Amino acid sequence: MSAEQRIIDHLERQSNAIPDKIFVSDANQTLTYGELFQRVVKTAAGLQQHGVQTGDRVMLLLEHGIDHLISYFAAGYIGAIPVHLSINRPKGSVKQIAAITTATYCVTDNYPEQLNDCDFQELPFRTLSGNNSPVRGSNEVAYMMFTSGTTGAPKAVMTSHTNTIATAESILDFTQMTADDRELISLPLAFTFGLGHIHALIMVGGQAVLTNQRYDLEHLTTLIQQKSATGFLASPAMLRDMVNEHREALICCGHYLRYMVVNCTPMEVSLTQELLDLLPGTQIIMYYGMTEASRCAYIHYNENTHRLDFTGKRTINVELKIDNPDAGGLGEICMKGPNVMLGYWNNPEETAKVIDADGWIRSGDWGIMDEDGYVKVIGRINDQISVDGMKCQPSEVENVISELPWVERVTVCGITDETKFQVVGAAIIAASNGVPEDIQSAVREHCSKRLEAFKIPVVIALVDQFPANELGKVNRKELATQLKAQLQEV
């Protein structure tokens, strides 16, 4: 593999070109490009002294911070394959992942509960500082991450060096990131959202500010101002709470933020419009992609106020299409390009199900595309509800229920009863006032004016929050399980 085709090569280049420029800081330390690369080399030597070789899978179970970055780059430096893990994975999950990837090592801070009864060598990060010069290695696989598992068994996604560079170039293109940018990254490095921006910042010589206090919104808005952050990565849930609970602080952040990037989780049009109103000088950008094919599309909402319910157009070097569309243009969103994964680790059967012979990968999302190539995600194909053979898309029902003034957020899912018959269920987060006494009647009466009878929710419940993963994506399967208990009461 030639020079500068790997992110580690870009990091080494920057360590020589701008060694004294600060690259990354977290709550415990601040490192320049030169200091970070030196730490990476020492940690790579430490890994080799513990027996790690080229091609070995090395799990990273570390807090969101600089230690995670050092371990990631060190493993890649010697040609090992880093496997990024969230520290919030349930007990036993790490053992399952080790079995899937046949990993023999795990770099960790200290998570004894997750590591009980596991057949791999635990490598405490603090012990990984070698004095010898490490032997560099290379591997086609840059790293592995796991799919969420919400649509089936978790699978290890093999991301190549070509994928990482292509994704970083897409980020640079739609953010117009420069060496003067400083990003606040609170979303975990165990996911492509945050890690992809680390790669992009390295390529242009920018700066990253890491914090693991992503649920402390006051802390985040304060940090944006203290660090004069020009970029901020967020989920719709974070932004919704910022608008509702920290509005004035968010407005102050607008004096610093040049852009804000939102991950591809559905965001209400009203929230997007409110962000545009509160932050007129900040580019509000949403991207679309998946772990298997990151950053496939993006949209600048500031220039597309007539498309606030769209997800974006294709990024550079990526092709998008709607496969097998119906008369209304609805079909499955498919992508093709250098950002498409190598495949699932040791799982050619599952790989063949999503990537065809021509390199197109199936997203599993229903979508439509307008005449200018902008895609609107309608919903997950697996989330489609079948009521006695009649099809109902959750987003259609959600849009209707959202029209009620007292509804702040709503998620619709299919609930399967004991006879395997599906009905529509709706979980609602209500506003602080104006909630009717009989929400069941209010919702059904409103829906009856806009929807066919089989699409009207049978189960309707007020909830405080929706079950979601660390990036704020709602887990409809878990929500359906929670609502099923109420089905018997209907």
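For the chain, the relative contact order comes to 10 percent (Cα pairs under 8 Å, sequence separation of at least 6). Across segment 379-490, C-alpha contacts under 8 Å between residues 6 or more apart give a mean separation that, scaled by the residue count, equals a relative contact order of 25 percent. Amide H to amide H, with H built 1.01 Å from N, T32 comes under 5 Å of F23, counting only residues 5 or more places away or on other chains. The Cα atoms of segment 163-381 give a gyration tensor whose axes a ≥ b ≥ c have a/c of 1.5 or more with a/b greater than b/c, which makes the shape prolate.
Does segment 7-139 classify as rounded, prolate or oblate by the C-alpha gyration tensor (a ≥ b ≥ c root eigenvalues; a/c under 1.5 gives rounded; else a/b over b/c gives prolate, otherwise oblate)? Let's see the in-between values first.
On the way: a/c = 2.16, a/b = 1.53, b/c = 1.41.
Prolate.
Angle check, please: helix 33-49 long axis (alpha carbons) against the longest principal axis of the chain (alpha carbons), in degrees 0 to 90, nearest 10. Long axis of 33-49 versus the principal axis of the chain: about 80 degrees. Only lysine pairs 8 or more places apart, or on different chains, with alpha-carbon atoms under 13 angstrom apart are counted in segment 163-381, and they number 4. Applying the Karplus relation 6.51 cos²θ - 1.76 cosθ + 1.60 with θ = phi - 60° to segment 273-279 yields 3J(HN,Hα) values of 5, 5, 5, 4, 6, 6, 10 Hz, where x marks Gly and Pro.
Want the number for A357 to V135: 0.36 nm per residue separation, take away the alpha-carbon distance, what's left?
76.2 nm
Restricting to the chain, compute how many DSSP beta bridges are antiparallel as a %, nearest 5. Walk me through the numbers on the way to the answer.
On the way: 47 of 81 bridges.
Antiparallel bridges make up about 60 percent of those DSSP assigns within the chain.
Under a 5 Å amide H cut-off, with hydrogens placed 1.01 Å from N, Y288 pairs with C296, A297, Y298 among residues at least 5 apart or on other chains. Can you grab the distance from the C-alpha centre of segment 195-242 to the C-alpha centre of segment 390-408, Å, no decimals? Comparing the Cα centres of segment 195-242 and segment 390-408, I get a distance of 31 Å.
For segment 296-305, the Karplus equation 6.51 cos²θ - 1.76 cosθ + 1.60, evaluated at θ = phi - 60°, returns couplings of 8, 8, 8, 8, 8, 5, 4, 9, 9, 5 Hz by residue, with Gly and Pro reported as x. Measure nothing fancy, just the Cα-based angle from helix 439-448's long axis to the longest principal axis of the chain, in degrees from 0 to 90, nearest 10. Helix 439-448 sits roughly 80 degrees off the main axis of the chain.
In terms of its C-alpha gyration tensor, segment 384-487 has an oblate overall shape, because the principal axis ratio a/c (a ≥ b ≥ c, square roots of the eigenvalues) is not below 1.5 and a/b does not outweigh b/c.
Taken one residue at a time, the phi angles of segment 478-485 give Karplus couplings (6.51, -1.76, 1.60, θ = phi - 60°) of 5, 4, 4, 5, 5, 7, 4, 4 Hz. Gly and Pro are set to x.
Read the figures in this text as sums done on the coordinates, not as results from a lab. Fair warning: this is a prediction, and the values are worked out from it, not measured in the lab.
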